[in-house]
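Worksheet for the structure shown next.
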Amino acid sequence: MKIAKVVVDVPASQTDKIFDYIIPEHLDSYIEVGMRVIVPFGPRTIMGYIIGMSDESNVKKLKPIKDLMDISPVLTPELIELGKWVADYTLSFYISAFQAMLPQALKATYHKSIERLADQFEDDQLNKLFDGRDEIDTQELLDVGFDMNRIKKAEDLGELKIVYHVGRKETYKKVSMIKRQMTEVEIDQYRAELSNRAKKRKEIVDYVAQLDEPITFKQLLNEMHTTRQTVQPLIQDGVVNIFEQEIYRNPNGNKQFEKTFPLPLADQQKQALTPIVDDLNRQRNNVYVLHGVTGSGKTEVYLQSIERAMQLGKEAIVLVPEISLTPQMVNRFKGRFGDEVAVMHSALSKGERFDEWRKVQNQEVKVVVGARSAIFAPFQNIGLIIIDEEHESSYKQEDHPRYHVKDVAIKRAETHMCPVILGSATPTLETYARAQKNVYQLLEMPDRMNQASMPEIHIADMREELHAGNRSMFSTMLVDKIRERIDRGEQVVLFLNRRGYSTFVMCRDCGEVKTCPHCAISLTYHQKHHLLKCHYCQHQEKMPSECPSCQSDSIRYFGTGTQKVEQAIEAVIPEAKVIRMDVDTTRRKGAHEKLLAQFQNKQANILLGTQMIAKGLDFPDVTLVGVLAADSLLNLPDFRSSERTFQLLTQVSGRAGRHELKGEVVIQTYSPEHYSIEYAKQYDYSGFFKKEMSLRKAFQYPPYFFMTLITVSHENPIRAEEVTRVITQLLEKHLSENSKLLGPTPSPLEKIKDRYRFQCMIKYKYEPEQKQVLKRILSYYEPMIQKEGLQIQIDLQPYQLM
DNA sequence: AGCACGCCGACT
DNA sequence: GTCGGCGTGCTC
């Protein structure tokens, strides 16, 4: 008997195993490993993934698979193995790993309904409810507040049964096509028989007579300047045939990408490319760290490596941090490789994303450019994986499965025996340290292209500004330099780090700060609706007119949001034209690209924005970059805050003077003596690296130690702390002596959505038993997780310590 | 997760 | 006596 091994769509620890099902004969010739199936599960019917087949099973009573959901597998054998590996290394459920690898559109939907079996119900209210129908969705019963127990009774009487439906979300876009149906001879005859008055129809007949390929109905109507009605008789008479054809949704509209060709390479680019090409030719698996300053031409190296991979008949995956934010990057890939590229933004709709994914599944493209999840593209012959801006924190998934894209990339590259390129101007310490130890291969590109020099960085000490009586958010230096650019017709980018510097509300009399009652973080003031909002939950409230604590009316909002900066610029420099880019102005689809285009066309002289303008942008006339609050990142409770600050400053500075015009950077800060600011000013990556490494060593942080963060949350703070303490003690007992345990301590975000959070941290060098110990602890707490709403998060190598 | 089964107190 | 509350255990 043929048995299918199935992972069912129930994300729970008790169902996190493989279930066996009989493959019924009628499905036997269609079924393949990697397909989604519909299976009975207890009283229910649910979706599952076939992850293997077998001839035997240890289970006595097997049920048969109900149906297949796919014609061809959605998971390749490689991806199935990869999914298991991801689940294992992140301590997640198999099902969560598989779901994370596939587009959202492939998730199953469920609904329940009751089906009539008898003509009459004992319960007269049921007769009324059914009203002649044979099936009712249970949602309808819940809506009218019908008592489910009466359904139970009717079911026991055999009057009805409960049916479970598995639905699908994926949809396929279709378009009407027109095809010539008659032979030319037949058409000639048909035409001759038409009345002389049917002028338009003859025209159309002539047009379709010369059609060899099907065209869209719409195109026919456009070219003939006619309407549906005119074509209808031709369809009826069988001159042409109308049929529906499936097409891919096109997220780019009708945008044409200008074809580009490989550029001549500078020496440093050649030196970087050579070993990669060599590996491609010999199918060697290496990890390269491409350390290139901003503007050094990393992208061209990527493009030419990919080209070589394609020449060898292989595929490439390119990961970019947040692709919708860098349309320029998409343009470069589409421009070079055209239709061979699938693009997976986060800004795409579910359907568009699904279609891009299917281009890969159907082997119609050779290259994927996308954000994190694109690492799971179902390619079967990968020749190269590139991670651009490898230091970006968005490469770490922050919910289950908590994978880091670098780990997955390296794993896939090992399977496919291909190189990986980790590109960055500011590699993470972990990555660069491995390159120095020759675990990874280091490729350095220290020079900017076209002999462009790095912009000069000036530090504006905001303490001095304050002492000198300047209470505004701009230093005198920055204002002067902005004026200069505007006079010269050049452009300015102003960068504001939103995190930690957004508008919070404080009472000037008593110092009271308005915080979220559920999350214990300061509320943010939103001017538009005069509301205070929480960043973590949905909480919002009205801006108070007096201080809730001391009733003073001097309660004001402090800090700076982009809106406020915009107003301030306009006050100081009235002639400035500002484009503001933040979450608010870029929410609408395509808004991002539109704003950038406006800036490109010089409809404004200042681009003001948050994180999203820090990377990838390249405008020839930008000669000044201002960082308004450099230290806002520096003060976050995270051991990576210095590294993040250095990365950010370097990244932002790279936006200025990339072309003929020389650039300048002004960094405003209250702590100009901090080493991450000083080294950023000098463009001294290796200096920063050494300094930061020595601190990491002293305080036993990565890359010298590995870390595991365990966060426990509960409604009751005492319970949360108690569980955290017990877990810490258990770990203390079962882990080796060399490992350091920190905690229990309150999390940096002590309270989120009415849950109190405590954490404990493991720092270790070598701890082969750790995962097993953690698994045991998790299973010990399983009952409490289910019953009393306890939550335990385990993050191996965390990126965010909050 | 969801569902059934089973055991207890509160009610016609 | 029965209804309905929730704790317990299972799903191939």
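The values are calculated or read from the model by the stated rules, or taken from the named source; none is laboratory data. Just so you know, these numbers come straight off a predicted model, no measurement behind them. Neighbour counts are summed over all protein chains in view; Cβ atoms, including those assigned to glycine, are modelled from backbone coordinates with ideal geometry. Note: areas computed on protein heavy atoms with side chains; ligands, DNA, RNA excluded. Shrake-Rupley method; radii C 1.70, N 1.55, O 1.52, S 1.80 Å.
Checked against (1) more than 21 Å from the chain's Cα centre (by Cα); (2) in a loop (DSSP other than H, G, I, E, B); (3) closer than 20 Å to A:Val277 by Cβ, A:Leu443 passes all but condition (2).
From the list A:Arg448, A:Arg485, exactly one residue is over 30 Å from A:Gln797 (Cα atoms), crowded, with 17+ Cβ neighbours inside 10 Å and not assigned by TED's automatic domain parsing to the domain that holds A:Lys681. Which is it? Just one listed residue meets the conditions, A:Arg448. Any residue at all in the range A:142-154 that's within 13 Å of DNA strand C (Cβ to nearest atom) and within 26 Å of the chain's Cα centre (by Cα)? Scanning the range A:142-154 turns up no residue that is within 13 Å of DNA strand C (Cβ to nearest atom) and within 26 Å of the chain's Cα centre (by Cα). Screening the range A:173-216 for residues that are touching a residue at least 60 places away in the same chain (Cβ under 8 Å) and closer than 15 Å to A:Asp237 by Cβ and picking the one that is least open to solvent (accessible area, probe 1.4 Å) gives A:Ile178.
Kindly check whether there is at least one residue in the range A:685-703 that is surrounded by 16 or more Cβ atoms within 10 Å (Cβ to Cβ) and free of Cβ contacts under 8 Å to residues at least 24 places away in the same chain. Break it down into steps so the answer makes sense when it comes.
Step one: of the range A:685-703, the residues surrounded by 16 or more Cβ atoms within 10 Å (Cβ to Cβ) are A:685, A:688-689, A:691-693, A:696, A:701-703.
With the extra rule that they be free of Cβ contacts under 8 Å to residues at least 24 places away in the same chain, the set shrinks to A:691.
Yes: one or more hits.
Here are some residues: A:Thr645, A:Thr669. Which one is more than 19 Å from A:Gln800 (Cβ to Cβ) and in contact with a helix residue (DSSP H, G or I) (Cβ under 7 Å, 6 or more places away or on another chain)? Spell out the reasoning first.
On the way: A:Thr645 fails: more than 19 Å from A:Gln800 (Cβ to Cβ).
When all the criteria are applied, what remains is A:Thr669.
I'd like the full set of residues that are of a type in the set (Lys, Arg) and surrounded by fewer than 18 Cβ atoms within 10 Å (Cβ to Cβ), limited to the range A:565-588. Full working, then the answer.
Within the range A:565-588, the subset of a type in the set (Lys, Arg) is A:577, A:580, A:587-588.
Within the range A:565-588, A:Lys577, A:Arg587, A:Arg588 meet the criteria.
For the range A:71-91, the count of residues that are within 16 Å of DNA strand B (Cβ to nearest atom) and open to solvent by 20 Å² or more (accessible area, probe 1.4 Å) is at least one.
Taken over the range A:99-118, residues that are in contact with a helix residue (DSSP H, G or I) (Cβ under 9 Å, 6 or more places away or on another chain), within 16 Å of DNA strand B (Cβ to nearest atom) and under 21 Å from A:Ile71 (Cβ atoms) amount to 2.
Suppose we filter the range A:16-66 for residues that are more than 14 Å from DNA strand B (Cβ to nearest atom) and either more than 31 Å from the chain's Cα centre (by Cα) or of a type outside the set (Val, Ile, Thr) (or both); how many remain? Matching residues across the range A:16-66 total 32.
Screening A:Thr109 with (1) away from DNA strand C (no atom under 16 Å from the Cβ); (2) among the β-branched types (Val, Ile, Thr); (3) open to solvent by less than 40 Å² (accessible area, probe 1.4 Å) gives one miss only, at (3). Pairs are defined by a Cβ separation below 8 Å, a sequence spacing of at least 6 or placement on different chains, a first member in the range A:44-65 that is closer than 14 Å to A:Leu27 by Cβ and in contact (Cβ under 8 Å) with a residue 40 or more places away in the chain, and a second member that is open to solvent by 70 Å² or more (accessible area, probe 1.4 Å) and assigned to a loop (DSSP other than H, G, I, E, B); the pairs so defined are A:Ile50/A:Glu32; A:Met53/A:Lys2.
Can you tell me how many residues within the range A:119-149 are small (Gly, Ala, Ser) and either within 16 Å of DNA strand B (Cβ to nearest atom) or surrounded by 15 or more Cβ atoms within 10 Å (Cβ to Cβ) (or both)?
Residues of the range A:119-149 small (Gly, Ala, Ser): A:132, A:145.
If we keep only those that are either within 16 Å of DNA strand B (Cβ to nearest atom) or surrounded by 15 or more Cβ atoms within 10 Å (Cβ to Cβ) (or both) too, we end up with none.
Residues in the range A:119-149 being small (Gly, Ala, Ser) and either within 16 Å of DNA strand B (Cβ to nearest atom) or surrounded by 15 or more Cβ atoms within 10 Å (Cβ to Cβ) (or both): 0 in total.
Screening the candidates A:Ile276, A:Ile306 for the property of being part of a helix (DSSP H, G or I), touching a Pro at 6+ places or on another chain (Cβ under 9 Å) and over 24 Å from A:Ser653 (Cα atoms) yields one hit, A:Ile276.
Each residue in the range A:150-172 was checked for being surrounded by 13 or more Cβ atoms within 10 Å (Cβ to Cβ) and hydroxyl-bearing (Ser, Thr, Tyr), and 2 pass. All of A:Ile50, A:Ile65, A:Ile46 fail the test of being near DNA strand C (Cβ under 10 Å from one of its atoms) and under 16 Å from A:Leu106 (Cα atoms), apart from A:Ile46.
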